[in-house]
1. Please state the Cα pair-distance histogram of region 197-263 with 10 angstrom bins from zero: what percent is in each bin?
2. Which value, to two decimals, describes the C-alpha radius of gyration of region 142-226 once divided by 2.2 N^0.38 Å?
3. Output needed: percent of Cα pairs per 10 Å distance bin for region 30-128, bins running from 0 to the one holding the longest distance.
4. Which links in Lys92/Lys215; Lys79/Lys127; Lys141/Lys201; Lys215/Lys312 stretch past 25 Å when you go from one Cα to the other?
5. Lone cysteines in the chain, defined as no other cysteine's Cβ under 4.7 Å from theirs: which are they?
6. Quick one: if the Förster radius is 22 Å, what FRET efficiency do Asn30 and Thr212 give, using the C-beta to C-beta distance and rounding to 0.05?
7. If you take the alpha carbon radius of gyration of region 118-277 and divide it by 2.2 N^0.38 Å, what ratio comes out, to two decimals?
8. What is the gain in length, in nm to one decimal, between Ile10 and Leu115 on full extension, counting 0.36 nm per residue of separation less the C-alpha to C-alpha distance?
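Quick note: the coordinates plus some simple rules give every number you see, no bench work behind them. Small disclaimer: the values here were computed from a predicted structure and weren't measured. Don't worry about glycine lacking a Cβ; one is built from the backbone with ideal geometry, like all the others, and counts go over all protein chains shown.
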Amino acid sequence: MDMIRNDWTIEEIGTIYHTPLLELIAYAANIHRRYHSYREIELSTLISIKTGGCPEDCAYCAQSARYATHVDEPQEMSKEEIIARAKELKSKGIPRVCLSAAWRQLPPNKFDEILEVIRIIKNMGMKVCLTMGKISADQAKQLAEVGITAYNHNIDTSENFYPKIITTRTFKSRLETIYRLIEAGIPHCCGGIIGLGESEKDRISMIHTLATLPKHPFTIPINALMPIEGTPLEQNKPVSTWELVRVIATVRVVMPTTHIELAAGRIQLNDEAQALCFMAGANAIFVGDKLLTAPNPSENNDIRLLNLLGVKQPYADKMNLKVIDI
Ligand code: SF4
């Protein structure tokens, strides 16, 4: 039942999703232990190289130029600033950076500079991921040649619910970029957000879309909405830990080898809730006090929690903190 499959039916995923919670967690945990180690959690840090002023209208996002949020004028980092930030992260033991830009699509006139930045950071011995909107087949080919670790392009929610959240692009156009990545041989990082007002049916449908791609995502970021003042979703209620854990466990069961990133909204979770998410299959987090424009747990708090849970990673070693062996 837990083989790598791309032919899941929506009914099968619905049955897994609705399994009584403790059974579902136990099932997911068994699969997780078979394909991953509870002693390892992938760490990366986002560098927002262009913040704000985005022409898209994603209803949850502080960076959309259409909403009056705490993000004012667009800001762009220079090549030197990006490299300096990557060096600083490397010195702390962060192995991977994800360069993020609030663009509708990766602008052709910036592309050569981005490639150069990737080469420099890779030469420093770090992994580099990108999230910069839609890309062409040719750009995908060049990014594959330069050896990026993954390209993030989320589908956010189900195909049906998508137009309620974003009207400036289509679910189909999102998938087209993901197919371009797969064709170019770039690992795709693709996930979604819960708490947008979607139904459980939408969550199951989103997982089904990801699980039936020709290749399962390298990473699936699972975000819990952090309602942002000024956006259309500012009044949405936070999702419960139980809903989050159910989504993570279902993803783990149907996509055993994928990394599951416990992404935005982690600051709303206490130690026990995060531990439960890791138990259910989450095995990647963003570290750093800020997640683009949203708050994230402090570095000290993350090091403390990773140590408490017995997770081995160089981040804590660099900070001279002992990893508990279990
Ligand atoms: S989520 Fe990305 S594409 Fe959508 S408005 Fe924000 S920055 Fe733009």
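1. Final binned percentages: 18, 49, 26, 6.
2. Working: Rg = 12.9 Å, N = 85, 2.2 N^0.38 = 11.9 Å.
Scaled against compact globular proteins, the figure is 1.09.
3. Per 10 Å bin, starting at zero, the Cα-Cα P(r) for region 30-128 comes out as 14, 36, 29, 18, 4 percent.
4. Working: Lys92/Lys215 33 Å; Lys79/Lys127 17 Å; Lys141/Lys201 36 Å; Lys215/Lys312 29 Å.
Listed pairs above 25 Å: Lys92/Lys215; Lys141/Lys201; Lys215/Lys312.
5. Cys54, Cys189, Cys190, Cys277
6. Working: r = 23 Å, r/R0 = 1.04.
About 0.45, to the nearest 0.05.
7. Numbers: Rg = 16.1 Å, N = 160, 2.2 N^0.38 = 15.1 Å.
Rg over 2.2 N^0.38 Å, computed on Cα atoms: 1.06.
8. Values: separation 105, 0.36 × 105 = 37.80 nm, distance 3.92 nm.
Taking Ile10 through Leu115 to full extension adds about 33.9 nm, to one decimal.
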